[in-house]
1. Just the residues that are more than 22 Å from residue 240 (Cβ to Cβ) and either outside any helix (DSSP H, G or I) or without any contact (Cβ under 8 Å) to a residue 12 or more places away in the chain (or both), please, taken from the range 295-331.
2. I'm trying to understand the selection: among the residues of the range 345-372, which are surrounded by 10 or more Cβ atoms within 10 Å (Cβ to Cβ) and either in contact with a strand residue (DSSP E or B) (Cβ under 8 Å, 6 or more places away or on another chain) or over 14 Å from residue 193 (Cβ atoms) (or both)?
3. Taking the range 75-85 as the region of interest, how many residues are in contact with a helix residue (DSSP H, G or I) (Cβ under 6 Å, 6 or more places away or on another chain) and over 10 Å from residue 151 (Cβ atoms)?
4. If you go through the range 28-37, how many residues are in contact (Cβ under 8 Å) with a residue 24 or more places away in the chain, in a strand (DSSP E or B) and farther than 23 Å from residue 170 by Cα?
5. Determine, yes or no, whether residue 247 is assigned to a loop (DSSP other than H, G, I, E, B), under 28 Å from residue 13 (Cβ atoms) and either touching a residue at least 60 places away in the same chain (Cβ under 8 Å) or touching a helix residue (DSSP H, G or I) at 6+ places or on another chain (Cβ under 7 Å) (or both).
6. For the list (1) in contact with a helix residue (DSSP H, G or I) (Cβ under 7 Å, 6 or more places away or on another chain); (2) more than 28 Å from residue 103 (Cβ to Cβ); (3) assigned to a loop (DSSP other than H, G, I, E, B), I need the number of the one condition that residue 261 fails.
7. Can you name every residue in the range 139-157 that is part of a loop (DSSP other than H, G, I, E, B) and more than 18 Å from residue 89 (Cα to Cα)?
8. Are there any helices (runs of 4 or more DSSP H) wholly within the range 175-235 with 1 or more residues that are not assigned by TED's automatic domain parsing to the domain that holds residue 150, and if so which?
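The values are calculated or read from the model by the stated rules, or taken from the named source; none is laboratory data. Everything numeric here is computed off the predicted structure, so don't read it as measured data. Reconstructed Cβ throughout: ideal geometry from the backbone, glycine too, with neighbour counts over all protein chains shown.
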């Protein structure tokens, strides 16, 4: 056994282990605060577009007007190029799961001439491939992108066939909100791959695989299933009690890091309020709020002091439904935003230049006799 390993503490799930220094984001679980390169996520979701946060993550600062326009043009051209590749993706878009389609589709890509162009190629492709899969799944033809549109507007239009300003702004706020969130499972996966000096395409393909897991990116759809099952606010407490008594998890509640309400839940709830003020109602918002209140009370009685409150998936489900996305597209939509964070993490790790190689402690059987 390697020196120092036998007595070392094993941290299951790497809980509390610091694996990198980063300039990308800070997740303050105790205070419920998310800072992305010096900016609170609440301010970014309210004031910035996805293009701006993409530039913030990859270039280190919020772009000004000219820089923002350049990024928008770069992403617009990348969407157009991704759409041209659709006929060469084989049966990728015919898969039953949207994340399988994304993983297979993105795996067809190769690096561009520059890192900047590669990042745009990947960000554009994730949005286009997700929208195209949603159309094919419904038996409809994919819709060609409009490179002149903002990224969020165009992805939503390609997925749903329409895009009014209110829904587009809400979807943009969503992409901004989920673009970056510390050392989550998929971003860590991207960093591990990048640490081997593999290319950015490989890092993103691996991250897509991690995001598919129900403990990471797969929760928003089941939140709507839960709301459908509850159906009315007065049924919430009893339904939740029955689920907990049966040993089942309550989707959209609790978080590995946050000990208070996830700040992104508040951001998306506010985006839903703005959407309703613009005349686009949500069939789930009132029920979701009632269920959240009931869940917090029920969980506080059962698990006092644990701080099991709404996480980002809870209001993600309500917002994505309100803008017109089918629940099967929720996790691919998450990827369309988080790809910016994956790329930023991969590039930061490449600059670090050291392979990620943690230790393990062997607890299996030993040979019957020494080798020598």
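1. 323, 324, 325, 326
2. In the first step, residues of the range 345-372 are kept if they are surrounded by 10 or more Cβ atoms within 10 Å (Cβ to Cβ); the result is 345-350, 352, 355-356, 359, 361-362.
Result: 359, 361, 362.
3. Taking the range 75-85 as the starting set, the residues that turn out to be in contact with a helix residue (DSSP H, G or I) (Cβ under 6 Å, 6 or more places away or on another chain) are 75, 78-79, 82-83.
Subsequent filtering for residues that are over 10 Å from residue 151 (Cβ atoms) retains 82-83.
Total satisfying the criteria: 2.
4. Let us first name the residues in the range 28-37 that are in contact (Cβ under 8 Å) with a residue 24 or more places away in the chain, namely 29-34, 36-37.
Imposing the further condition that a residue be in a strand (DSSP E or B) reduces the set to 33-34, 36.
Going one step further and asking which of them are farther than 23 Å from residue 170 by Cα, we end up with none.
Count: 0.
5. So residue 247 does not fit the description; no.
6. With respect to (1) in contact with a helix residue (DSSP H, G or I) (Cβ under 7 Å, 6 or more places away or on another chain); (2) more than 28 Å from residue 103 (Cβ to Cβ); (3) assigned to a loop (DSSP other than H, G, I, E, B), residue 261 is out only on (1).
7. Step one: list which residues in the range 139-157 are part of a loop (DSSP other than H, G, I, E, B), which gives 139-150.
Of everything in the range 139-157, those that are part of a loop (DSSP other than H, G, I, E, B) and more than 18 Å from residue 89 (Cα to Cα) turn out to be 146, 147, 148, 149, 150.
8. Details: elements: 185-195, 200-211, 220-230.
Qualifying helices (runs of 4 or more DSSP H): 220-230.
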